[in-house]
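To keep things clear, I will list the structure first and then write my remarks on it.
The values are calculated or read from the model by the stated rules, or taken from the named source; none is laboratory data. These figures come from a predicted structure and were not determined experimentally. So basically every Cβ, Gly included, is an ideal-geometry build from the backbone, and we count neighbours across all protein chains shown. Just the protein is used for accessible areas: all its heavy atoms, side chains included, with ligands, DNA and RNA removed. Shrake-Rupley method; radii C 1.70, N 1.55, O 1.52, S 1.80 Å.
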Amino acid sequence: MKPDEILHDKLESLVPDLQLDVPAENLIKRGRRMLAARQSLIASGAAVAVAGITVAGVALSGHHTSTVQTASNSGSQLQPADLTCGVSPQPTVGAPAASNDGAAATPWGAAIQGASGVAGTDVVVHAFHIAGMQCTNVGFEFAVKNLSTGATTPLEATNEYEGSDIAPGFHGAGLTTGPGGWYVVGYYVGPAAAISIPANGQPASAHLASWAVNPDVKVWWVHGTGPTPTLGTPDATDGSGAPLPGGARNGQPGVG
Amino acid sequence: VEIKDARRGNLPASERVLVGVTEPVDEFTAFVAASSARLLRAAWLLTFDRDDAQDLTQLAFAKTFAAWQRVRRDDAESYARRVLVNSYIDWWRRAPWRERSTAQVPEAGVIDDHARQTDERTALTVALEELTRRERTVVVLRYYLDVSEADVADQLNVSAGTVKSTASKALAKLRRSTALAGFQPPTRDLALEDIS
């Protein structure tokens, strides 16, 4: 046997039985998000060069309107309404660009930070602007921050790509692994006070935080240990415990 | 979990382009099926950790899909491998707390009660853990995945001479392990005088 074959066999003998624990569909979805973020970088670079800061209101299914971007003296500028999305125009400039792997170059609105569920770490969420998609303007990057060293480990960058990104309900939910176990991350649009998701049949309560730019948008995450779980449909409830809509097509983890 | 139908009209042009007449989604799915075991095992040899190996491999595949238009006609696995090893090097550089400083023995791949073989695996594991990230990467690429020296240099963006010297140092360290006590490095790559 040749020397390099000997070394190959010895290395092979170390490796345990392994198989990818997500289907190719999830990898495709994640790849598409990266692609969208990369194109956002290109598009937003062009947009910032020609436009000032925008004022825009976002109507959430007629319930109310939120101001999502502060005006500068350069005046208001709205994109034409997009009837296929079923929502009002959204802010498109003045938001930071995204890097080419989905990570926000600089936050859009204040960064969100909260307990991860793993001692000594927090989850940090940055919003990033996506340009060039018909119905999506925002994505969120989740990362785990080590509170001792300040080092962050990216978890998932997520955005809607089917229908409006601010339609009431769940968006961009996904399961990933990271420091200390697995994480389910996503965002919800609406007056949610609590979110839970069944993990291996047991309800798991999510950490929930509002996005400062639009408080109707709540980012959420769940942490767990052990093998990645089988997930059910997430539920959202308001302050009185009343159930809120999950969204017509976006209630399932990994969808939307 | 369902797959988005990227041909729906309300998706961005970029995604509609991704689904062309040759159905790259199917093509990519077949690519994942064909190469995931190899890449995952290589990732495990780099990290000695199931979760980290999953993270690295999934990231490599996702980035490969994001570049599918460009890499599908070339060697997609080479691209995925490049992402994987560079992510490994970058991740550990950015997150030093993920480093393992102990010679902790990982789970064995083969249940084997033969004491000598177990000792060999343990010795090899310890020896691999003592390599630098780059040394271990070169060993895994060159001797586990059988990537040519020139391709290793290309994937790590270093010169062939650097690959040669890095492999030389790595193998010299490994040869001190009882698991590879009798191992002679391939002479086509390494000058014997480099091996201590």
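Looking at the stretch B:62-89 only, could you name the residues that are farther than 18 Å from B:T137 by Cα and assigned to a helix (DSSP H, G or I)? Don't jump to the end; show me each part of the working.
So in the stretch B:62-89, the residues farther than 18 Å from B:T137 by Cα come out as B:62-76.
Those that are farther than 18 Å from B:T137 by Cα and assigned to a helix (DSSP H, G or I): B:A62, B:K63, B:T64, B:F65, B:A66, B:W68, B:Q69, B:R70, B:V71, B:A76.
Can you find, within the stretch B:24-51, the residue that is farthest from the other protein chains (Cβ to nearest Cβ) among those that are within 9 Å of the chain's Cα centre (by Cα) and either open to solvent by 20 Å² or more (accessible area, probe 1.4 Å) or among the acidic types (D, E) (or both)? Explain how you work it out, then say what you get.
Going through the stretch B:24-51, the residues within 9 Å of the chain's Cα centre (by Cα) turn out to be B:38-46.
Next cut, either open to solvent by 20 Å² or more (accessible area, probe 1.4 Å) or among the acidic types (D, E) (or both) only: B:38, B:41.
Details: B:R38: 10, B:R41: 5 Å.
Among residues in the stretch B:24-51 that are within 9 Å of the chain's Cα centre (by Cα) and either open to solvent by 20 Å² or more (accessible area, probe 1.4 Å) or among the acidic types (D, E) (or both), the one farthest from the other protein chains (Cβ to nearest Cβ) is B:R38.
Condition test on A:F128, is it under 11 Å from the mean Cα position of the chain (by Cα), at pLDDT 85 or above and either open to solvent by 10 Å² or more (accessible area, probe 1.4 Å) or not hydroxyl-bearing (S, T, Y) (or both)?
Details: under 11 Å from the mean Cα position of the chain (by Cα): yes; at pLDDT 85 or above: no; either open to solvent by 10 Å² or more (accessible area, probe 1.4 Å) or not hydroxyl-bearing (S, T, Y) (or both): yes.
It is false that A:F128 is under 11 Å from the mean Cα position of the chain (by Cα), at pLDDT 85 or above and either open to solvent by 10 Å² or more (accessible area, probe 1.4 Å) or not hydroxyl-bearing (S, T, Y) (or both).
Out of everything in the stretch B:69-85 that is open to solvent by less than 20 Å² (accessible area, probe 1.4 Å) and among the small types (G, A, S), what residue ends up being nearest to B:A42 (Cα to Cα)?
B:A80
May I ask you to list the residues in the stretch B:136-150 that are under 17 Å from A:L7 (Cα atoms), free of Cβ contacts under 8 Å to residues at least 40 places away in the same chain and surrounded by fewer than 20 Cβ atoms within 10 Å (Cβ to Cβ)?
Correct list: B:D146, B:S148.
Pick from A:A242, A:A236, A:A248: which is modelled with pLDDT under 80 and not assigned by TED's automatic domain parsing to the domain that holds A:G31? Steps first, answer last, please.
On the way: A:A242 fails: modelled with pLDDT under 80; A:A236 fails: modelled with pLDDT under 80.
Of the residues listed, the single one that is modelled with pLDDT under 80 and not assigned by TED's automatic domain parsing to the domain that holds A:G31 is A:A248.
Quick check: anything in the stretch B:151-171 under 16 Å from A:P3 (Cα atoms), in contact (Cβ under 8 Å) with a residue 40 or more places away in the chain and either within 14 Å of another protein chain (Cβ to nearest Cβ) or assigned to a helix (DSSP H, G or I) (or both)?
no
Taking A:G239 as meeting all but one of (1) over 29 Å from B:T47 (Cα atoms); (2) part of a strand (DSSP E or B), write down the number of the exception.
Here A:G239 meets the rest and fails (2).
How many of the residues in the stretch A:84-121 are modelled with pLDDT of 60 or more and either small (G, A, S) or open to solvent by less than 30 Å² (accessible area, probe 1.4 Å) (or both)?
Initial filter on the stretch A:84-121 (modelled with pLDDT of 60 or more): A:107-121.
Filter again for either small (G, A, S) or open to solvent by less than 30 Å² (accessible area, probe 1.4 Å) (or both), leaving A:108-112, A:114-117, A:119-121.
Here the count works out to 12.
Residue-by-condition table, conditions (1) farther than 26 Å from A:R32 by Cα; (2) in contact (Cβ under 8 Å) with a residue 12 or more places away in the chain; (3) more than 12 Å from chain B (Cβ to nearest Cβ):
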position: A:D122; (1), (2), (3): yes, yes, yes
position: A:F128; (1), (2), (3): no, yes, yes
position: A:N159; (1), (2), (3): no, yes, no
position: A:Y183; (1), (2), (3): no, yes, no
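Those residues that are more than 14 Å from chain B (Cβ to nearest Cβ), open to solvent by less than 40 Å² (accessible area, probe 1.4 Å) and among the hydrophobic types (A, V, I, L, M, F, W, C), I need them from the stretch A:185-210; list them, please.
Answer for the stretch A:185-210, where residues must be more than 14 Å from chain B (Cβ to nearest Cβ), open to solvent by less than 40 Å² (accessible area, probe 1.4 Å) and among the hydrophobic types (A, V, I, L, M, F, W, C): A:V185, A:V189, A:A192, A:I195, A:A199, A:A204, A:A206, A:A209.
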